[in-house]
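> Here it is: the structure, laid out below.
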Ligand code: Q9C
Ligand code: ZN
């Protein structure tokens, strides 16, 4: 399988994040992508390539120009305003309640403010999108990775994998959040729709609901969004991801959320996956964009599912069994020692290659027997 990877992600070198106000070591770190890269390289069955530059046009087909401008300007602006910190994280966000009773027209006329910390709140959902010197270049490179992966599939590959970092599915049209800045999968899906004129399905198997992807395609009938995720009753992003969110207007019925309980294991997960795959099979189209997360793994530090490494192989196999072409893009997954093994298992399954567990201690696989 062809793999697209860019070292630009290394400069988005996050160090800390906060959980309910407490500072903890960052979960979304460069080591994640490096673990996957080295395991796939050691496997020998993956051919690595670099992304080609696609410019801003495909990004602006999905995102507000103001968000992109903010991401580009934020770090230099923070420096110019003498915000002397290793990274910029907002602490004030314009929740819709701030504007209660004010008209949409009035709201649309509000300026984003010029102070860097205020702008970060204006364009952000939460504190989990730290801006650093290398963040903008990394986010742009992740988009190029996604678009190059889509190009490979449009060019005839049955499946290709984009090792995107930072991830993308929490980023909405005008909002970054949840470790995400630009929505790699949504940008790729839109590019495929425009190139083929056909419907595209997005299968989101990250542990978290992809609120950004749902928002972007909410009123669109040409992009089906199917997501398996932790029930937002107990998990981020809390305010979207429920089963009764099915799309509106042209997009009515083109959004399927499958929220799952804590402790979800291999058997229940495969049942839910089959439901999602059945919905995709009912919708015309030849390409599936997979938002692939491994925070569903049993040892993930921020998840509460109980999946094992071998089940990722079966998930890849069942997804490929739909007979559609696959643009597979990396999203989350934070148990670093297992990331390579889990990605390798999923991708091998999707190619019809046998699971063949890594030798114990081989490439850091843990829990293959769980
Ligand atoms: N600091 C993805 O998996 N909440 N994003 C973290 C703890 C945000 C996860 C709170 C989790 C975002 C792509
Ligand atoms: Zn996630």
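Only the coordinates and a few stated rules stand behind these numbers; no lab work does. Remember, predicted model here, so these are calculated numbers, not experimental data. Cβ: placed from backbone, ideal geometry, glycine included. Neighbour counts: every protein chain shown.
> Report the gain in length on full extension from residue 65 to residue 81: 0.36 nm times residue separation, minus Cα-Cα distance, nm rounded to one decimal.
Full extension of this stretch gives 3.5 nm more.
> Then there is this: To test your reading of the geometry: what angle, between 0 and 90 degrees and rounded to tens, separates the Cα axis of helix 266-281 from the longest principal axis of the chain?
Tilt of helix 266-281: around 80 degrees.
> Cα axis of helix 309-320 to longest principal axis of the chain: angle in degrees, 0 to 90, nearest 10?
Between the helix axis and the principal axis of the chain, the angle is about 90 degrees.
> If packing is taken as the average count of other Cβ atoms within 10 Å, what order do 250-260, 177-187, 215-225 fall into, highest mean first?
Highest to lowest by the protection proxy: 177-187, 215-225, 250-260.
> Counting only Cα atoms, I'd like the Rg/Rh figure for segment 1-146, Kirkwood definition for Rh.
A ratio of 1.03.
> Can you figure out the FRET efficiency of residue 11 with residue 57, using R₀ = 25 Å and their beta-carbon distance, to the nearest 0.05?
So the FRET efficiency works out to roughly 0.55.
> What whole-number value in cubic angstrom gives the convex hull volume per residue for the C-alpha atoms of the chain?
Taking only Cα atoms, the chain has a hull volume of 131 Å³ per residue.
> Suppose each label sits 7 Å from its Cα in the direction of the beta carbon; what would the residue 233-residue 73 distance come out to in nanometres?
Inter-label distance under the simple model: 4.4 nm.
> Related question: If you split all Cα-Cα distances of segment 236-370 into 10 Å bins from zero, what percentages do you get per bin, shortest first?
P(r) over segment 236-370, rounded to whole percents: 11, 40, 35, 12, 2, 0.
> Now, a different point. Quick one: work out the % antiparallel among DSSP beta bridges in the chain, nearest 5.
15 percent
> Would you please classify the overall shape of segment 21-91 from the alpha carbon gyration tensor, given that a ≥ b ≥ c denote the square roots of the eigenvalues, rounded means a/c under 1.5, and beyond that prolate means a/b larger than b/c while oblate covers the rest?
It comes out oblate by the Cα gyration axes.
> Compute and list, largest first, the equivalent-ellipsoid semi-axes of segment 157-296 from the alpha carbon gyration tensor, each √(5λ) rounded to a whole angstrom.
21, 17, 16
> As an exercise, use a Förster radius of 35 Å and the Cβ-Cβ distance of residue 267 and residue 105 to find the FRET efficiency, rounded to the nearest 0.05.
0.10
> I need the peptides 124-133, 264-273 ranked by packing, meaning the mean over residues of other C-beta atoms within 10 angstrom, with the highest value on top.
124-133, 264-273
> Moving on. How long is segment 267-346 along each principal axis, judged by its Cα atoms, biggest number first, in Å?
So the three principal-axis extents are 37, 23, 19 Å.
> Further question: Is segment 94-230 rounded, prolate or oblate when judged by the Cα gyration tensor, a ≥ b ≥ c being the square roots of its eigenvalues, rounded requiring a/c under 1.5 and prolate requiring a/b larger than b/c?
Here segment 94-230 falls in the prolate category.
> Across bins of 10 angstrom width beginning at 0, how are the C-alpha pair distances of segment 227-276 distributed, in whole percent?
Computed distribution, short to long bins: 26, 48, 23, 2.
> Let me ask you something else. Go ahead and collect, in residue order, the members of segment 68-91 whose backbone nitrogen is under 11 Å from a label point 7 Å along the Cα-Cβ direction of residue 113.
Residues 90-91 fall inside that zone.
> I'd like the orientation of helix 336-350 relative to the chain: the angle between its Cα long axis and the longest Cα principal axis, in ° from 0 to 90, rounded to 10.
Taking Cα atoms only, the helix is inclined about 60 degrees.
> What nm distance separates the two modelled labels at residue 19 and residue 286, each placed 7 Å from Cα along Cα→Cβ?
Each label point lies 7 Å from its Cα, and together they span 4.6 nm.
> Further question: Applying a 10 Å radius around every beta-carbon, put 325-333, 300-308 in order of their mean neighbour count, most first.
325-333, 300-308
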